[in-house]
Amino acid sequence: MHGKRVFQPRPICAAIVAALAATLAACGNGGHITYVSPPSGGGACAGRCIEVSPSDNDQETVLRVLIDARPGDVITLRAGTYRFTGQLSLDVDNVTIRGEGMDRTILSFRNQTLGAEGLFVTANAFTIEDLALEDSPGDLLKIIGADGVTIRRVRAEWTRGPDTDNGSYGFYPVESRNVLIEESIVRGASDAGVYVGQSHNVIVRRNRAEFNVAGIEIENSTDADVYENTATRNTGGILVFNLPGLPFIDGRRTRVFHNQVFDNNTPNFAPRGSIVAGVPTGTGVMLLANDEVQVFENTLRDNGTTHVLILSYHTAAILAGLSGRDPNSDKYSETLYIYNNTYEHGGATPDDGVADLNGTITGIPMPDITIDGFEDPRKLVDGQLPDGLRTCIQEAAVRFYDVDLPHVGLGASPDLAPFDCRFDPLPQVVIPGVGDVAPTPGPPVPTTARPTPTPPAGNTETRCAVPPGTGVNFDPADEPCELLSSYRFFTGPASAMAPNDGVVPYDLNTQLFSDYAVKHRFVWLPPGTAAGYSDRDSFEFPVGSVIIKTFTYPNDARDPAAGEQLIETRLLLLYPHGWVALPYVWNADHTDARLQTTGASLTVTGIGADGSQTMSQYNVPNANQCKECHRESIDVTGPLGPKARHLNKDYTYAEGTENQLAHWTRLGILRGAPDPSQAPRTAVFDDPSSGTLEQRARGYLDVNCSSCHNENGAARTSGLYLTAHETAAVHLGICKSPVAAGIGTGGFQYDIVPGKPDESILTYRMVSVQPGVAMPELGRQRVHTEGVAVIADWIRSLPGECRME
């Protein structure tokens, strides 16, 4: 549609470019920093795209870029080895440091003489990916006090192998929140390869940790998921610790699952005096003084001392020769749940310290699970811990031993009966904006067998309560349901979508385009309540309200009687704390839909209007994407369609045709609405009888774009506001230069060029399906030909021309 344009800078632009080039040439060795968009490494830049190449002065070049960083910058370090003599640091929020592969972009600190850490970060929303960090004297990457950390496909390594002189930590986020570490490799740390300390909301997944003292360590942290990692050839594979004497000491709620933990028999090379110096060589998983930890569905094999070691701080202090004088710390491991793990060939070569500590109590091979037996005497009731503080173990044919160190082994026992209990699964950790949510664990396997866990049946509700009755079932005090049918929004066969009592169907004048899907909309309010009318904004709904939207495609576009394929149903549920957006995906026989918070990619087939077989990909958004799209204000999720201007139309109900605003008022679910003739109304974009060309185009942009492009929305920084009530030409995009659009400009200068839709960024992005270019960004993978035609006709009708001021 558009030919390639070559931008010729005007004199003032050329002067700026020349000045910038001169500035960059002064950095490093004559032009090793380049500002481009997009970067060669791929991806769009919210701020500047900065490329750096290795030079003869990497320390100055890279450090200058970090000091000069601005929020949104993407710093791409091109392939090669960068050599540093001092510590690097970053303190600017929302910066991405990206390499060209963990074996291609290498940051070497082997010659570092200044500072301890290789890279030290004190910034929020920090991402580092696709590179390697090597051989710092201290931690390779330390991050402190950050909200939002992503470490992805990074190799952190001390290349001389296990050595006491190596730095302590490969990755060390501390006092941070929303931490994601994934698909990375860590080797040679003299303390912990992957370490997360005093942090909250943590995911560590799909990493490989080897030849460290501790492979992965979660310390004094809350709400952590550690899954699908490989921990091998460390001293200890995975550690979950609480240590005294720290600002935050109440670590709890960690899940360790679906990991491969094997052959962790590297002799302990930690410096003396560190807590991990007491980790026994040959430990698979070690739990120390931490609470509410669940270890399940891991494979543990060939760990020479024990696969699972459960200790209080009393025992750890003995092993490491430490003192733990902190009256505020809880030195005991409590509320632990170990189940469904696989144990193979453990305990054959126990650590000398553990063997000496145990004496001849357990013999060789050592047990699969070893517990020291310490319990907090202050919490005992009739000599036993309350049920909520016990250690529960549900394993089949496991070798177990309670060493009973408090009584010097007098009560030592292999009996699992005192540990025959269960806890409910801990909730999964969800980091905002991070998809691919961890799988839900299966039920504990009985101690007498190991059957393969089976997923719940298609008609099994696992989340919300479903009381007897026939009316709508939504309780804002309960969690969302697993199955759409549990809400009872419809009666009869689910595919018929016959609304239950109080569930009201509705439609919009102009709809959001969603790859030509047909949408069926309904609303339900708690009996006796009503929404408050607004002539401009979405109606104000009472808590407990639900908005329902089902997406379908016709089986045969030539024959409506052939029925529809039900694809997904999206719900907006109003809880006391706000709206929650959730997608439900229909099963193949259209009997029910199941909650799919991570979204789905579906293949949809049918018969087109010309009789040919059709096939297309349809993307069900994940819950976060639903939330993002339903935010007209950057931090407030809410409904988009239920506004006076969109609802002001006739609808054919079962009992007859009536204006929707009047109908809602008559039913008592809308208060304060005027007569429909006095209410605003959006034109139907493809119906010339409904309004002028401008009204139809503006109505289309209002529905399809303004949820982000408004003065409070996610795209507010662009200055492009496409709401129905916007009047300023520049905010409508007319002769407006883009802001941070990157590749989305297509080489054009203005969002809208009057009379020239083929030179307008707005239409360029509407006809693109390329990620980073296409607008809207979510919700479509096809071009809405009819909508583009209306917008193009409107732009073609605009008078005037754009001139450089």
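The values are calculated or read from the model by the stated rules, or taken from the named source; none is laboratory data. Note that the structure is a prediction, hence the values are computed from the model and not measured. Positions of Cβ are generated from backbone atoms using ideal geometry, with glycine treated the same way; all protein chains shown enter the neighbour counts. Note: areas computed on protein heavy atoms with side chains; ligands, DNA, RNA excluded. Shrake-Rupley method; radii C 1.70, N 1.55, O 1.52, S 1.80 Å.
Once the Cβ-Cβ distance of Tyr575 and Val604 is raised to the sixth power relative to R0 = 22 Å, the FRET efficiency obtained is 0.10. Treating each Cα of segment 44-104 as an identical point scatterer and summing with the Debye formula, the log10 of I(q)/I(0) at q = 0.12, 0.15, 0.21, 0.30 Å⁻¹ comes to -0.27, -0.42, -0.83, -1.36. Remark: segment 76-165 carries a charge dipole of roughly 280 debye about the Cα centre, counting +1 on each Lys and Arg Cβ and -1 on each Asp and Glu Cβ. The residues of segment 756-805 present an accessible area of 55 Å² per residue when probed at 1.4 Å with all protein chains retained. For segment 128-208, the ratio of Cα radius of gyration to the globular rule of thumb 2.2 N^0.38 Å stands at 1.00.
With Rh defined as the Kirkwood radius, the inverse of the mean 1/r over Cα pairs, the Rg/Rh of segment 525-678 is 1.02.
Extending 7 Å from Cα along the Cβ direction at Tyr653 and again at Arg463 yields two label points whose distance is 3.1 nm.
Sorted largest first, the principal axis extents computed over the alpha-carbon atoms of segment 41-156 equal 34, 29, 25 Å.
Of the peptides 781-791, 165-175, the ranking by mean beta-carbon count within 10 Å, highest at the top, reads 165-175, 781-791. If you wrap the Cα atoms of segment 504-562 in a convex hull and average its projected area over all directions, you get 5.7 nm². If you look at the Cα atoms of segment 640-695, you get an Rg and a Dmax of 12.1, 36 Å. Of the whole protein surface, Trp579 contributes about 40 Å² of accessible area at a 1.4 Å probe radius.
Legend: translational diffusion of segment 536-612 by Stokes-Einstein, Rh = Kirkwood radius over C-alpha pairs, 4 °C, 1.567 mPa s; D = 89 µm²/s. Here the average projected area of the convex hull drawn through the C-alpha atoms of segment 149-290 stands at 7.0 nm².
Normalised by residue number, the volume inside the convex hull of the Cα atoms of segment 638-733 is 125 Å³ per residue.
Largest first, the extents of the alpha carbon coordinates of segment 100-173 on the three principal axes equal 32, 25, 20 Å.
Per-residue packing, averaged as other Cβ atoms within 10 Å, sorts the ranges 482-489, 283-290 into the order 283-290, 482-489, beginning with the highest.
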